[in-house]
Each structure stands twice: as C-alpha cells, then as structure tokens.
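Colleague: Before anything else, here's the structure in question.
The values are calculated or read from the model by the stated rules, or taken from the named source; none is laboratory data. Remember, it's a predicted structure, so these values are computed and weren't measured experimentally. Methodologically, a virtual Cβ is constructed for each residue, glycine included, from the backbone with ideal geometry; neighbour enumeration extends over all protein chains shown.
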Amino acid sequence: MEIDKKDLGNKVSNKKGDGLDKHLLEIRNLRTYFFTDVGVLKTLDGIDLCVKKKETLGLVGESGCGKTMTARSIMRLVPHPGRIVDGEIILNGRNLLSLSENEMRKIRGDAISMVFQEPMTSLNPVYQIGNQITETLAVHRPAITRK
C-alpha cells in the first residue's frame, strides 16, 4: 500500500515551527512485517501520512492492500506473527510506538478506536450499540454520564 503525501494535501516535515502542532496524527515510514516460515511479508513498507485536527481521512483500496493493517498498526494491534519494525506513529505529539502496553490501553477507546471489519465479532448483537459505545466512554471518561 502506498499513500502519496501530495495526494493527502499535507506535508510530512520535521522542521520546528512548521505547523506540526496542527497535526492530530502523523505517520512516518511505517513498516509492518509478518515473519513466517516461508519468509517475510512486507505488509506495510514505508507509509507516510498526516491528518490535521478537524480533518477526515479515508483509506480506500482493493481487498488486501493494507487498509486494515494500517489501522491495526496505528492501534498497535498487529496480530502474530506480524510486528511493526520501523517508523513513527505520532498522535497528539506522542509517539505511540514508544509507549508501554499499559499506556496504549489507556489511549485505545479514548483518543483512538476502531470498529473491526466484521461487526458480528466486534459488536455484540445481544446488546444495543449505544450501550456498547457508552461502555467504552465510561471506562475512559467516567465524568461523562449517560442521560
């Protein structure tokens, strides 16, 4: 999967004072590989992208092109035998790849979240969807009460 930075309308830059504080999410040179018995599968091989605050980005592509793996990498939920081997994932100025698993758990469902492709395995059909979303908010933001 390749994302052309020019197509996103943002520039990845390391210069101080270049407006990076406006970026909600910045991904630099993200590489996620799967190490198998038959070799290394380079699922993501150098992704760069930026999302500014109040901006929406949609990843679109053919089946198997890396959309879900990009999201899983951002969330640091890459399944075995895969792992992120290089890059930076900067969310609100913090590199997610430098955080402990405990710190990531605090961020998941609060600052970032993901509904997986198969809703029958990610959302419980027995419970109302509003209750399931409220549960996530209650865990991360207890001050918010349901009315």
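Colleague: Inside the stretch 58-81, can you point out the residues that are in a loop (DSSP other than H, G, I, E, B) and either out of contact with any helix residue (DSSP H, G or I) (no Cβ under 7 Å at 6 or more places or on another chain) or over 15 Å from Met114 (Cα atoms) (or both)?
Modeller: Across the stretch 58-81, the qualifying residues are Gly58, Val60, Gly61, Glu62, Ser63, Gly64, Cys65, Gly66, Leu77, Pro79, His80, Pro81.
Colleague: May I ask you to verify whether Leu44 is under 17 Å from the mean Cα position of the chain (by Cα) and at pLDDT 85 or above?
Modeller: Spelling it out, Leu44 is indeed under 17 Å from the mean Cα position of the chain (by Cα) and at pLDDT 85 or above.
Colleague: Quick test of your reading of the structure: Val85 fulfils all but one of (1) part of a strand (DSSP E or B); (2) in contact (Cβ under 8 Å) with a residue 60 or more places away in the chain. Name the failing condition by number.
Modeller: In the conditions (1) part of a strand (DSSP E or B); (2) in contact (Cβ under 8 Å) with a residue 60 or more places away in the chain, Val85 misses (2) alone.
Colleague: How about the stretch 24-41: which of its residues are farther than 21 Å from Phe116 by Cβ and within 15 Å of the chain's Cα centre (by Cα)?
Modeller: Result: Leu24, Glu26, Arg28, Asn29, Arg31.
Colleague: Restricting attention to the stretch 59-76, and to residues there that are buried (at least 16 other Cβ atoms within 10 Å of the Cβ) and charged (D, E, K, R), which single residue is farthest from the chain's Cα centre (by Cα)?
Modeller: Only one residue tops the list, namely Lys67.
Colleague: Another question about this same structure. What number of residues within the stretch 93-120 satisfy the criterion of being outside any loop (DSSP other than H, G, I, E, B), loosely packed, with under 14 Cβ neighbours inside 10 Å and modelled with pLDDT under 90?
Modeller: Residues flagged as outside any loop (DSSP other than H, G, I, E, B), loosely packed, with under 14 Cβ neighbours inside 10 Å and modelled with pLDDT under 90 within the stretch 93-120 amount to 3.
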